[in-house]
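K.L.:
This is the structure, below, for whatever I ask next.
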6 protein chains.
Amino acid sequence: MNELSWPEYRQRILAGAVVFLPVGATEQHGHHMPLGVDVFLPMAISKMIAKNLDGLVAPGLAYGYKSQPRSGGGNHYIGTTSLSAASLIGSLKDVLLEFARHGCRKLVIMNGHYENAMFEVEAIDLALQDMRCRGVHDFKILKIDYFEFIPEKTLQMLFPDGFPGWALEHAAVFETSLMLHFHPELVHMDRLVDEQPANFPPYDVYPTNLGPIPPSGVLSKACSATAAKGLKIADDFDELITMSIKEEFGIA
Amino acid sequence: MNELSWPEYRQRILAGAVVFLPVGATEQHGHHMPLGVDVFLPMAISKMIAKNLDGLVAPGLAYGYKSQPRSGGGNHYIGTTSLSAASLIGSLKDVLLEFARHGCRKLVIMNGHYENAMFEVEAIDLALQDMRCRGVHDFKILKIDYFEFIPEKTLQMLFPDGFPGWALEHAAVFETSLMLHFHPELVHMDRLVDEQPANFPPYDVYPTNLGPIPPSGVLSKACSATAAKGLKIADDFDELITMSIKEEFGIA
Amino acid sequence: MNELSWPEYRQRILAGAVVFLPVGATEQHGHHMPLGVDVFLPMAISKMIAKNLDGLVAPGLAYGYKSQPRSGGGNHYIGTTSLSAASLIGSLKDVLLEFARHGCRKLVIMNGHYENAMFEVEAIDLALQDMRCRGVHDFKILKIDYFEFIPEKTLQMLFPDGFPGWALEHAAVFETSLMLHFHPELVHMDRLVDEQPANFPPYDVYPTNLGPIPPSGVLSKACSATAAKGLKIADDFDELITMSIKEEFGIA
Amino acid sequence: MNELSWPEYRQRILAGAVVFLPVGATEQHGHHMPLGVDVFLPMAISKMIAKNLDGLVAPGLAYGYKSQPRSGGGNHYIGTTSLSAASLIGSLKDVLLEFARHGCRKLVIMNGHYENAMFEVEAIDLALQDMRCRGVHDFKILKIDYFEFIPEKTLQMLFPDGFPGWALEHAAVFETSLMLHFHPELVHMDRLVDEQPANFPPYDVYPTNLGPIPPSGVLSKACSATAAKGLKIADDFDELITMSIKEEFGIA
Amino acid sequence: MNELSWPEYRQRILAGAVVFLPVGATEQHGHHMPLGVDVFLPMAISKMIAKNLDGLVAPGLAYGYKSQPRSGGGNHYIGTTSLSAASLIGSLKDVLLEFARHGCRKLVIMNGHYENAMFEVEAIDLALQDMRCRGVHDFKILKIDYFEFIPEKTLQMLFPDGFPGWALEHAAVFETSLMLHFHPELVHMDRLVDEQPANFPPYDVYPTNLGPIPPSGVLSKACSATAAKGLKIADDFDELITMSIKEEFGIA
Amino acid sequence: MNELSWPEYRQRILAGAVVFLPVGATEQHGHHMPLGVDVFLPMAISKMIAKNLDGLVAPGLAYGYKSQPRSGGGNHYIGTTSLSAASLIGSLKDVLLEFARHGCRKLVIMNGHYENAMFEVEAIDLALQDMRCRGVHDFKILKIDYFEFIPEKTLQMLFPDGFPGWALEHAAVFETSLMLHFHPELVHMDRLVDEQPANFPPYDVYPTNLGPIPPSGVLSKACSATAAKGLKIADDFDELITMSIKEEFGIA
């Protein structure tokens, strides 16, 4: 979207284009991956899918909600750069209202950072309330955490010994494989630290207890990640997410 | 910054690197330039200057404050996508506090959108207050509107018939030349609309009076823009902004 | 706590008592259970565990964050009564700061409503920041979603055909069994509606798509719930949560 | 309300039931009464009156605005646990909007804590504004400070030597008598401290001047309180408040 | 203060001057008095008392909290111009923090509008918290509702048939007499409407029930007001408020 | 407006009167001028112009946004007393909504403090959005920075050696001349400090770098200011601003 002029953009919106809004984070992803993984992946996946639908990809939100120990290692890492709830909710709400003003009625929030999800929910709810006050009643939003689209079969291929749960998949096999596929030049498998996976108790401690967090920030082993696995996952997403969007927005 | 791993980033911060934070907008820039000009330019200029200083460029804020008629054509354009004051202030404040937590003490806000400036001021003031409460007293911020660095001589070269003032320079000779230099593939000089420059009264009317705004969104003539002029401006910035930053941060 | 006079309360706090703060919701729980389940359960569990530790149970927050379709049926039900993010975050933050002022240093947030969790995180983070500004550095909070303490063995007992995931466990076997144990007079098993379990796609649609939501609001079958199962779960919690709290707060 | 299932609640709302929302506080009430007085009393009175009208009592707000020296002893007591203005206003506003969504049109705010009143006013005003934007124009709210309903005759019975004003009636004859009536098990008349009544100057000092505040927190003598007096007051309320609500809501 | 240059102001502050901050409202005061009464009176009283103490009078806040039926006739009058809670709290808090930055340590809030009081309390509390974070611990505030200083004897002189309570004294004998004393040119006794005093029930109805409000906005009879009575009240205030301020701030 | 009774005000509003709202600041203006210049001038100019149009002047906002070094000397001066962005935006928004409620449809914001401008823009935008939700679509606002109305000829008269730009005109020739015209008793030309004009770099430094700021707070030489010059400027404003307002509001 950002590379189009406004008349081009307007024409696309008038034609009913789906707008993809990647929402990410700037967050540690171990020694082998860059801080921007949670932006790069939803951006790459958005572009991949937008192509199938003649959709538009809006500039992403590069900063997300505070990283949590059990899903992203915690917000104490140097490099992890996060927003408060109010700022994230407010920014996303504002942007949604602007797309509604443009005439867009089909929007996909492509979330790349687990911790963002509930704040996206609030932003969506507040924006839809405001839209109703302004007489807009047909704006539809899909909120997609892309990793939820991974099929059982692919999950078994990735985790032949059993899936440890998304909680520990931070900077691990799944994300690393996708990065090796989409941005291999930004991954350094040789820098992977050999650590034990994180072993968290079933509750949270504040201020953050650093004990159970592997110092590298990688919550479970990433060494089996490959670009081929990334390609397989990307292909799954390409097919399944496209299909869902078409169905929800009534696109032939 | 976003392409570094956290240990790399930490090392650079510990070594005293200057962090550049581009703050832009998604805003109409006429028929000949894309919506992202106000992000692309501060990002390009930040990267250019960061190279001289071994600095880091943080992910930019891609959405800015609401476009105003007399400086950006107004916020009614389809494509212009803006934040409210609270969201912009909040997001920038949060990010500044995070850089302080990382140990960064030298930060440059590279502003690419005129309307952002006073909200950046508030974000800076609130963040510095909070830092003081947290015991951080040596965080220093330069807030740079890069166009203010243009030397008189270059201004005369750009505007041989007299400078009409920055107000009308939206999407016009200055920005177009810089874009032709940094991102020629995104500029389409053949799409330039031949319109009279905007002629605003010395006050603002709300709701926006569309009368004085050239429909294309270009506030004064851009046809004399060239990549060569853009290169000259960029060279000026490269020299002058670098010099100022070195001086302010005591870099040899 | 609410039944003590302030001198009694002060004495207990000075003696180092753990304070339990139940955070719930007023949310539909099908035809067979009352709107207050998400308050009654964390309150009952807090009281049960506080007894082991000579702890105090503070008045609970009776309203929680907006119910989501995939975890609570959605916020469109008549009876579901929810707070916005700002109000929930603000209220919880205020209360935490008050306990810090009292001299309390050991606090357990006993969460009874899945959707509250991330807003509790923000409240905790903001409160801890403010405490640090006020010179309080030793306030420690455990944030407990009690259902996460259920042991694998009990899970197998509850779900002999395989656990469908917490997502669908709203007003179903787990919660109903606990209510049959703690508040049998408020459960009406004869009113259980015989419906198919919910079958959600792996993403969210806003405004809420009512299609996949069983009209009764029960997301999966609850008919196998019994007070005996509830007792077993309660016993597990009594043992395991008590143990964790003792360990974290260094209580012999 | 909290003990009903959502279909039961819906049926009552559709039938036009009045909803009572008790708003209280967690605040010191001397050595002889518990911290929860300001919740227990409006809750008990709401239930008493709801019975006459087939009304519903919603879960109360257990935390209220910061206690003030001249009406509640001040917010420095250990045990007094208060909300900021923003949180109290926000929470109450949210809840009012939810009741409007349910279809409720007759709501009574039963206030049990003097300091809450003006923040309730703001919450009501903001909620009614939002309701109008959402097309709800017939939502009616009675904001009741129940002590204002006490008849002159009863006042003379309670204070044969002249009424010292509500200001000093914190934890004193009036509240203690009501508690002895509704919750005798929570009152310990033997713990009453023999102190002089508070003698405040006609202005407020901040930070709070502890000088004029009786250390026990009881602002005037409570020793003449009896359950019989409480019964008399309760009977007055039962009659008078019921009558007012019937009249205002047009209930036969 | 506003008529001093900054070096003059600084000198006075360094010498320990008391700062008076009048907080008023723009609110209907019947047919016979202007909208500015609640600003004019605290301003006049502040100036009168400041003279005794060599104090400074800061620019007043001219807009106050929403007028309530039982104390100011209600916020539906054309001319009554009010702030929301958040704006009033925020503005006052900001100003208090600025005075603390200047070095002022003795401040009097002279409140001229009943409805402002609790929002002033919140502003004071938030400001004092922030001051403590900034290391300021000796800032002292007197919050004065001047009408509370009226002595019993003067009250009897004003109301020979018994005092109806401050509630109904809006735009009536008390305020009119003071205005006749301080600003006789702004009072038009000949325009006084002959109405029955307001007769409110002991609770509030929202949206406002106009029934019990005298249409002129005067809540009880003002016809007995005279400049002589105003002078007497002013003299009382001059003596009593001055004395209290001297005592609280230790001024000889 | 503040000196009218509400029925007088209502009559004027019903007759279509233009309302002028002066928005100022309490800010240092050198040794020779008082802290209130930014309120006194817009107030005086509003009154002057309102006379031509039978308009109303509302109570001004006496506190404005934080003074910036390059336009007002900076916010570190003792005496400069400023609001945060949120308070200024909120207060102005509230007041605009009240005027809309009154029936006013023609409003002029007369801004007297450069730093306020963008926050006024946000307040206007938020207020207009809310008005639309409330069904008000014809409220029109002129936002006037009066100094922008100065004609080229008068500028040459004031600055025979060339205009240094508005940036440095703080407390200098322009403002001092106007004050000598409108409020000569508040100007002390004999206290003018003989300093070099400020020489700022083309960017901002935070925390404020005091180096380039003349200690007196006067950013450029004011010694050539005279009442005669002030009269000339005032006459220009009287003619030109009146003409613009008439044209915009269709007043004959």
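K.L.:
With the condition being within 14 Å of chain E (Cβ to nearest Cβ) and either under 30 Å from E:Asp145 (Cβ atoms) or touching a Cys at 6+ places or on another chain (Cβ under 7 Å) (or both), I'd like the helices (runs of 4 or more DSSP H) fully within the range D:134-252 carrying at least 3 qualifying residues.
P.N.:
D:152-158, D:227-249
K.L.:
Look through C:Ser220, C:Ser177, C:Ser244, C:Ser216 and report the one residue that is hydroxyl-bearing (Ser, Thr, Tyr), at pLDDT below 95 and under 28 Å from A:Trp166 (Cβ atoms).
P.N.:
Of the residues listed, the single one that is hydroxyl-bearing (Ser, Thr, Tyr), at pLDDT below 95 and under 28 Å from A:Trp166 (Cβ atoms) is C:Ser220.
K.L.:
Next question. Looking only at the range C:113-124, count how many residues are in a helix (DSSP H, G or I) and touching a residue at least 60 places away in the same chain (Cβ under 8 Å).
P.N.:
3
K.L.:
Please go through the range B:80-91 and pick out each residue that is buried (at least 24 other Cβ atoms within 10 Å of the Cβ) and over 29 Å from B:Ser220 (Cβ atoms).
P.N.:
Matches in the range B:80-91: B:Ser87, B:Ile89, B:Gly90, B:Ser91.
K.L.:
Do we find that A:Thr154 is more than 30 Å from C:Tyr206 (Cα to Cα) and not aromatic (Phe, Trp, Tyr) in this structure?
P.N.:
Taking the combined requirement at face value, the residue does not satisfy it.
K.L.:
Separate question: So which residues in the range E:94-144 are at pLDDT below 95 and touching a Leu at 6+ places or on another chain (Cβ under 7 Å)?
P.N.:
Matches in the range E:94-144: none.
K.L.:
Can I ask one more? Open to solvent by less than 20 Å² (accessible area, probe 1.4 Å) and farther than 22 Å from C:Ala85 by Cα, is that true of A:Tyr77?
P.N.:
Judged against the criteria, A:Tyr77 is a match.
K.L.:
Go through the range A:33-50 and give me each residue that's open to solvent by less than 10 Å² (accessible area, probe 1.4 Å) and more than 10 Å from the chain's Cα centre (by Cα).
P.N.:
Within the range A:33-50, A:Met33, A:Pro34, A:Leu35, A:Gly36, A:Ile49, A:Ala50 meet the criteria.
K.L.:
Does C:Leu53 qualify as being aliphatic (A, V, I, L, M) and open to solvent by 10 Å² or more (accessible area, probe 1.4 Å)?
P.N.:
yes
K.L.:
Would a scan of the range A:176-183 turn up a residue that is more than 16 Å from the chain's Cα centre (by Cα) and surrounded by fewer than 20 Cβ atoms within 10 Å (Cβ to Cβ)?
P.N.:
For the range A:176-183, residues more than 16 Å from the chain's Cα centre (by Cα) and surrounded by fewer than 20 Cβ atoms within 10 Å (Cβ to Cβ): absent.
K.L.:
Given the options A:Leu168, A:Leu178, name the one that is hydrophobic (A, V, I, L, M, F, W, C) and farther than 26 Å from A:Ile245 by Cβ.
P.N.:
Selected residue: A:Leu168, the only one of A:Leu168, A:Leu178 that is hydrophobic (A, V, I, L, M, F, W, C) and farther than 26 Å from A:Ile245 by Cβ.
K.L.:
Follow-up. Inside the range E:6-32, can you point out the residues that are open to solvent by 20 Å² or more (accessible area, probe 1.4 Å) and under 30 Å from E:Asp194 (Cβ atoms)?
P.N.:
E:His31 - this is the single residue of the range E:6-32 that is open to solvent by 20 Å² or more (accessible area, probe 1.4 Å) and under 30 Å from E:Asp194 (Cβ atoms).
K.L.:
Right, here's the next one. Of the conditions (1) surrounded by fewer than 20 Cβ atoms within 10 Å (Cβ to Cβ); (2) in contact with a Ser or Thr (Cβ under 7 Å, 6 or more places away or on another chain), E:Pro160 satisfies every one except a single condition; which number is it?
P.N.:
Every condition holds for E:Pro160 apart from (2).
K.L.:
Out of all the residues in the range E:185-193, is one or more surrounded by 18 or more Cβ atoms within 10 Å (Cβ to Cβ) and over 29 Å from E:Val108 (Cα atoms)?
P.N.:
Yes, the conditions are met somewhere in the range E:185-193.
K.L.:
Still on this model: Can you report the number of residues in the range C:217-230 which are among the hydrophobic types (A, V, I, L, M, F, W, C), in contact with a helix residue (DSSP H, G or I) (Cβ under 7 Å, 6 or more places away or on another chain) and surrounded by fewer than 20 Cβ atoms within 10 Å (Cβ to Cβ)?
P.N.:
Here is the first cut: in the range C:217-230, the ones among the hydrophobic types (A, V, I, L, M, F, W, C) are C:218-219, C:222-223, C:225, C:227-228.
Filter once more, so that each one left must be in contact with a helix residue (DSSP H, G or I) (Cβ under 7 Å, 6 or more places away or on another chain): C:219, C:222, C:225, C:227.
Among the residues that remain, those that are also surrounded by fewer than 20 Cβ atoms within 10 Å (Cβ to Cβ) are: C:227.
The qualifying residues number 1.
K.L.:
Moving on to the next point. So for the range C:121-130 (the condition being farther than 30 Å from C:Val37 by Cα, more than 9 Å from chain A (Cβ to nearest Cβ) and open to solvent by less than 10 Å² (accessible area, probe 1.4 Å)), does at least one residue qualify?
P.N.:
The answer is no; no qualifying residue exists.
K.L.:
So how many residues does the range D:231-252 have that are open to solvent by less than 40 Å² (accessible area, probe 1.4 Å) and of a type in the set (A, V, I, L, M)?
P.N.:
4
The values are calculated or read from the model by the stated rules, or taken from the named source; none is laboratory data. Owing to the predicted nature of the structure, the values given are computational and were not obtained by experimental measurement. All Cβ positions, even for glycine, are placed from backbone atoms using ideal geometry, and neighbour counts span all protein chains on display. Ligands, DNA and RNA are excluded from the accessible area calculation, which covers all protein heavy atoms including side chains. Shrake-Rupley method; radii C 1.70, N 1.55, O 1.52, S 1.80 Å.
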